[in-house]
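Taking it in order: structure first as structure tokens, then the write-up.
The values are calculated or read from the model by the stated rules, or taken from the named source; none is laboratory data. Just so you know, these numbers come straight off a predicted model, no measurement behind them. Backbone-built Cβ (ideal geometry, glycine too); neighbour counts: all protein chains shown. Surface accessibility is based on the protein's heavy atoms, side chains included, excluding ligands, DNA and RNA. Shrake-Rupley method; radii C 1.70, N 1.55, O 1.52, S 1.80 Å.
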Amino acid sequence: MSETKALQEHEHRSDVVIVGGGAAGLSGALALGRSRRSVLVLDAGSPRNSPAGHVHNYLGREGTPPLELLEIGRGEIAQYGVQVTVARVETVRPWDRPGTGFVVTTDDGREVLARRLLVASGVTDVLPDVPGLADRWGRDVLHCPYCHGWEIRDRAIAVLATNKMAAHQAMLFRQLTDNFVVVLTEGTPRPTEEDLERLAVRGVRVVSDPPAGVLVENDTLRGLRLSSGEVLACDAIVVSPVFRARAEFLAPLGLEPKPFEMGGDVLGTLIPSEPTGATAVPGVWVAGNLSDAMAQVVSSAAVGLRVGAIINADLIEEETHLAVSTHRAELADLFEEPAWEDRYAARDAIWSGRVNPQLEAEAAGLEPGQALDVGSGEGADAIWLAERGWSVTGIDFSIVALERAASHAATAGVGERTEWRHVDVRTFDPGPEGLGERWDLVTSQFMHLPDGGMVDLTRRLAGAVSPGGTLLVVGHHPDDLVTGLRHGQQSSMFTPEDLVPALDPDAWEVEVVEVRPRTVAGHDGEPVPVGDSVLRARRRL
Ligand SMILES: Cc1cc2nc3c(=O)[nH]c(=O)nc-3n(C[C@H](O)[C@H](O)[C@H](O)COP(=O)(O)OP(=O)(O)OC[C@H]3O[C@@H](n4cnc5c(N)ncnc54)[C@H](O)[C@@H]3O)c2cc1C
């Protein structure tokens with residue numbers, strides 16, 4: 001299948017693909033499913049403890065058969081929409097698309113896409129090469145005192161020493177029985193004198209005759225046959241298998257299992273990870289035996305939960321980062337001419353056509369003269385002023401809005417007292433004192449510029465007011481943010497006090513610095529109280 005075709009035809013795209021549906025994987029899936037993540041678990045169906053009859057040391061489910069425990073887990077995660085598919089993952093490669101991601105291929109030819117990977121595929125136990133041993137694995141050939149120790153208490157146990165940890169392992173089982181022997185396998189270094197003394201005082205015999213086979217009668221373990229021919233009668237054989245990370249499929253990502261050493265022996269291989277479960281490959285996490293072969297079922301589940309939560313947080317971080325960048329781009333657009341042209345062109349009218357209430361309140365008592373309406377939009381304020389005898393210049397950077405305003409003014413019969421100019425207020429300059437144009441009223445209603453830009457605009461607008469004239473600047477107060485109606489406008493909103501420093505106190509008498517309460521319609525038409533920042537000042541004569 002070609003790369004493009006494969007990606008087009010993939011069946012699934014998930015926030016998280018979890019490789020391995022054992023305790024760690026399913027527990028991670030539970031945390032992620034409950035966090036409303038889309039999760040696909042791909043599981044080959046052979047948990048490490050499947051040869052054992054029961055799971056012990058799992059509080060609340062003590063003694064449950066391993067596959068039954070996982071079946072319960074599958075049922076639980078299904079409630080949260082997590083899908084489990086029986087399949088073996090064969091390869092994982094980077095998904096070369098915007099954002100981190102992976103293409104996961106399974107043995108049944110599936111290709112699925114994942115934003116994040118939680119790998120919980122566990123380990124394979126490689127047993128000492130003793131004839132008949134592997135057949136009894138998990139039944140009476142055992143490795144862990146916590147998994148099976150109670151079940152073989154007071155029974156005869158033979159420990160096959162395959163590494164330097166054997167004496168330690170023997171001591172743990174000695175806690176459960178005093179009918180005990182340690183058998184040294186071929187090539188295994190003899191325990192230290194100190195270990196031999198410790199074993200001897202606890203009544204543990206050490207035999208140097210290497211094992212040659214397992215003696216079974218009627219499907220019951222009878223003993224260990226030694227190379228000398230002697231049969232060591234026992235009910236259970238304890239071994240220390242070499243554990244191998246089940247992670248070949250990660251090789252295309254450059255993730256290789258690394259040797260795990262303890263007590264001077266290499267006990268197996270693992271995928272190294274941070275305490276968070278993060279691996280060297282961003283976007284790939286591990287949990288359970290794959291990163292900690294000593295982990296029991298309950299602790300694998302605990303780590304799976306923790307790593308699932310960490311992955312969720314990582315996704316939230318990415319999504320928030322993306323939302324912020326998109327939002328910033330949209331905001332940047334908000335103050336650009338093309339965006340406003342589009343906005344006006346999309347609808348016949350975007351404003352109510354009524355005069356803004358603070359202009360009505362503040363200008364009603366002024367003697368009509370020349371007025372400048374900044375950001376005149378569809379012309380409602382300018383027309384209202386013109387109808388009261390003002391000669392009005394409306395400035396805006398949207399041609400569509402200016403044409404619409406001119407048409408409304410003509411309809412209202414004030415076309416001759418209005419003039420419409422294409423001006424970007426960010427570069428508006430009234431010209432030097434004594435030379436440029438001046439107006440008796442300069443009004444800016446709900447013009448907002450980002451990053452505190454309104455202070456600078458107020459300074460420039462002040463320069464356009466005639467001696468004795470009025471400057472009126474009105475905008476949304478930052479407290480309106482709590483209403484949720486002014487989404488993303490924080491940096492452009494202002495208090496009336498913010499604007500006062502723009503006015504030279506020797507040249508200006510500040511008459512109104514107020515927040516005026518008003519009620520507007522919310523998203524669902526409900527009344528929402530807001531506040532308008534109002535600055536009115538008179539230029540001294
Ligand atoms: C014989 C034995 C008995 C045990 N008894 C106990 C006990 O009583 N109590 C206890 O707490 N612990 C016990 N353990 C330890 C227990 O098995 C582990 O703690 C536990 O299985 C770890 O869970 P996990 O999710 O990391 O891995 P696993 O349970 O091994 O699950 C890994 C899953 O990943 C799947 N998988 C692997 N490769 C792939 C792939 N390429 N694609 C898709 N899926 C894949 C496997 O099929 C498996 O279903 C026992 C271990 C053994 C060997």
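Figures for the structure shown
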item	result
Reciprocal of mean inverse Cα separation for segment 352-395 (Kirkwood radius, Å)	10.3 Å
Cα-based convex hull, segment 338-539, per residue volume (Å³, whole number)	120 Å³
Neighbourhood charge, 13 Å Cβ-Cβ cut-off, centred on Arg417 and excluding it, Lys, Arg +1 and Asp, Glu -1	-3
Theoretical FRET efficiency, 1/(1+(r/R0)^6), r = Cβ-Cβ of Thr519 and Val298, R0 41 Å, to 0.05	0.10
Residue-averaged 222 nm ellipticity for the chain, from DSSP H runs of 4+ at -39500 (n - 2.57), nearest 500	-8000 deg cm²/dmol
Cα-Cα pairs of the chain separated by more than 36 Å (percent)	57 percent
Rounded percent of accessible protein surface that carbon and sulfur make up, segment 338-539, 1.4 Å probe	50 percent
Neighbourhood charge, 14 Å Cβ-Cβ cut-off, centred on Thr124 and excluding it, Lys, Arg +1 and Asp, Glu -1	+2
Stokes-Einstein D in µm²/s, Kirkwood radius over Cα pairs - segment 128-240 at 37 °C with 0.692 mPa s viscosity	239 µm²/s
Interchain or long-range residues, amide H under 5 Å from Glu90's placed H	Thr105, Thr106, Asp107
Segment 18-30 - phi-based ³J(HN,Hα) in whole Hz, Karplus 6.51/-1.76/1.60, Gly and Pro as x	10, 9, x, x, x, 4, 5, x, 5, 5, x, 5, 5
Cut-off under 5 Å, modelled amide H: who pairs with Arg13 long-range	Leu113
Debye equation applied to the C-alpha atoms of segment 454-531, log10 I(q)/I(0) at 0.13, 0.18, 0.20 Å⁻¹	-0.48, -0.78, -0.89
Value of Rg to Rh for segment 168-297 (Rh from inverse mean 1/r over Cα pairs, i.e. Kirkwood)	1.08
Cβ-based charge dipole, segment 307-431, positive-most Cα from Leu402, Ile383, Ala323	Ile383
Segment 354-426, Cα convex hull volume normalised per residue, Å³	77 Å³
Formal net charge of residues neighbouring Leu449 (Cβ-Cβ distance under 13 Å; K, R +1; D, E -1)	-2
Amide hydrogen neighbours beyond the local backbone of Val206, cut-off 5 Å, H modeled	Val182
Where only alpha carbons of segment 34-144 are counted, the Rg and the Dmax (Å)	17.3, 53
Angle in degrees between helix 453-462 and the longest Cα principal axis of the chain, rounded to the nearest 10	10 degrees
Segment 212-219 - phi-based ³J(HN,Hα) in whole Hz, Karplus 6.51/-1.76/1.60, Gly and Pro as x	10, x, 10, 9, 10, 10, 6, 6
The chain: relative contact order in percent, alpha carbon pairs under 8 Å with at least 6 residues between	10 percent
In order through segment 390-406: 3J(HN,Hα) via Karplus (6.51 cos²θ - 1.76 cosθ + 1.60), integer Hz, x for Gly, Pro	7, 9, 10, 9, x, 10, 7, 9, 9, 5, 4, 5, 4, 5, 5, 4, 4
Packing-based ranking, highest mean first, of 265-276, 288-299, 52-63, 245-256 given that Cβ atoms within 10 Å are counted	288-299, 245-256, 265-276, 52-63
Of all accessible heavy-atom area on segment 128-240, the percent that carbon and sulfur account for (1.4 Å)	46 percent
Rg to Rh quotient for segment 78-197, alpha carbon positions, Kirkwood Rh	1.18
Cα long-axis angle, helix 337-346 against the chain (0 to 90 degrees, to the nearest 10)	80 degrees
D_trans [Stokes-Einstein, Kirkwood Rh over alpha-carbon pairs] for segment 270-368, 4 °C, 1.567 mPa s, µm² s⁻¹	68 µm²/s
Ranked by how many other beta carbons lie within 10 Å on average, peptides 372-381, 306-315 from highest	372-381, 306-315
Using alpha-carbon coordinates, inclination of helix 297-334 to the longest axis of the chain, degrees	20 degrees
Using distinct alpha-carbon pairs, which all enter the 1/r mean, Kirkwood radius of segment 403-483 in Å	14.7 Å
Highest to lowest packing among 39-46, 518-525, scored as the average C-beta count within 10 Å	39-46, 518-525
FRET efficiency, 1/(1 + (r/R0)^6) with R0 25 Å, evaluated for Arg328 and Asp456 via beta carbons	0.75
Farthest positive-ward along the chain dipole, Cα basis, beta-carbon charges - from Ser240, Gly283, Pro527	Ser240
Charge-dipole axis of the chain as Lys and Arg at +1 and Asp and Glu at -1 on Cβ define it, positive-most pick from Ala251, Ser38, Val423	Ala251
Cα centre as origin, Lys/Arg/Asp/Glu Cβ charges: the chain dipole, Debye	1600 debye
